[in-house]
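Read the structure below first, then the notes.
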Ligand SMILES: [Zn+2]
């Protein structure tokens, strides 16, 4: 029944799914991680009921109006180590291909800003009952308050300019008396192995900036730098981009679409909800994150998405 309904509703449309972190074991600090068995269920249902196609193939199908019925694409953002250690083996197990959008700064430093915040707070000496960063004071006197501080700092930092973000995180690290030298990110050999096994790599800018907050020059450098680093590692063209945070207006705008075109990207994905069809702007293809734990919920959500509700 799922197949019949969605065959009818999905004609000429495709859904692009967006995942981030997937872990086998997670602590209370890992807010927003999906459990591995939960992700594996999604892959099982996708491989049973949907035609999972890689993003470059979806792009060609959109150009010549040849999308298969119930077409679905899998994308994974950021490039954290679980992309390689948990997600990649599961994709191989089900014979599925996905696009990994990587923020290349993590390849150089071993982590991105949100993990740096988590690391600092996790390793805060127990006698520190409060921390002060650039005039902001956070109560860290007990576990709940530390968790709340981590969430508040993460939310604040996400929308800061790159320069201010760097200063803020460095001061946080000093306040917490620890070094930012932990590794939570994939590396070049992981990228090479994933590409050799049919995975596709896309750019997610260099330092995961909110592009709308940066000058055009910084945005262009962020995008071009990440494209060239990934092209030299993957030994292939990097044709697709995922806007960090991904909302048109708040996180990026038409200037950045123009920069992608100038730099030779074929298309880009956002975090706006919806389905793609031949009528879609390939530089602003919508995606959505399915959190459903049951088969009926998951497949139902995909059908609802195809219906455009
Ligand atoms: Zn991201």
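Scanning region 245-256 for residues that are buried (at least 20 other Cβ atoms within 10 Å of the Cβ) and either more than 16 Å from the ligand (Cβ to nearest atom) or assigned to a loop (DSSP other than H, G, I, E, B) (or both) gives 246, 251. Scanning region 62-83 for residues that are away from the ligand (no atom under 16 Å from the Cβ) and surrounded by 18 or more Cβ atoms within 10 Å (Cβ to Cβ) yields 62, 67, 70, 71, 72, 73. Does residue 196 satisfy the criteria of being free of Cβ contacts under 8 Å to residues at least 60 places away in the same chain, touching a helix residue (DSSP H, G or I) at 6+ places or on another chain (Cβ under 9 Å) and surrounded by fewer than 16 Cβ atoms within 10 Å (Cβ to Cβ)? The answer is no for residue 196.
Counting only residues that are assigned to a loop (DSSP other than H, G, I, E, B) and either closer than 21 Å to residue 43 by Cβ or in contact (Cβ under 8 Å) with a residue 60 or more places away in the chain (or both), region 292-309 holds 3 of them. The residue that is nearest to residue 279 (Cα to Cα), counting only those in region 4-33 that are modelled with pLDDT of 90 or more and assigned to a strand (DSSP E or B), is 13. Return the only residue of 242, 205, 234 being modelled with pLDDT of 95 or more, crowded, with 18+ Cβ neighbours inside 10 Å, in the same structural domain as residue 97 (by TED's automatic domain parsing) and at positive phi. Every option except 205 fails the conditions. Within region 257-291, the residues that satisfy the criterion of being farther than 21 Å from residue 228 by Cα, touching a residue at least 40 places away in the same chain (Cβ under 8 Å) and assigned to a loop (DSSP other than H, G, I, E, B) are 271, 275, 278, 280, 282, 286, 287, 289, 290, 291.
Would it be correct to say that residue 208 is under 17 Å from residue 109 (Cβ atoms), within 16 Å of the ligand (Cβ to nearest atom) and within 26 Å of the chain's Cα centre (by Cα)? Yes: the conditions hold for residue 208. Whenever a residue of region 102-118 is part of a helix (DSSP H, G or I), its partners that are more than 12 Å from the ligand (Cβ to nearest atom) and modelled with pLDDT under 90, lying with C-beta atoms within less than 6 angstrom and at least six residues away or across chains, give the pairs 115/184; 116/180; 118/29. For region 17-48, a tally of residues being more than 16 Å from the ligand (Cβ to nearest atom), more than 17 Å from residue 91 (Cβ to Cβ) and out of contact with any strand residue (DSSP E or B) (no Cβ under 8 Å at 6 or more places or on another chain) returns 4. Would you confirm whether any residue within region 191-200 is within 16 Å of the ligand (Cβ to nearest atom), modelled with pLDDT of 95 or more and closer than 18 Å to residue 102 by Cβ? No: zero hits. When the residues of region 119-163 are filtered to those that are within 17 Å of residue 244 (Cα to Cα) and part of a helix (DSSP H, G or I), the one that is nearest to the chain's Cα centre (by Cα) is 158. When restricted to residues that are more than 15 Å from the ligand (Cβ to nearest atom) and touching a strand residue (DSSP E or B) at 6+ places or on another chain (Cβ under 6 Å), region 211-229 contains 1.
With respect to (1) buried (at least 21 other Cβ atoms within 10 Å of the Cβ); (2) at pLDDT below 95; (3) assigned to a loop (DSSP other than H, G, I, E, B), the lone exception for residue 172 is condition (3).
The values are calculated or read from the model by the stated rules, or taken from the named source; none is laboratory data. The shown structure was predicted, so the numbers you read here are calculated from the model rather than taken from an experiment. Note that each Cβ is placed from the backbone with ideal geometry, even for glycine, and that neighbours are counted across all protein chains shown.
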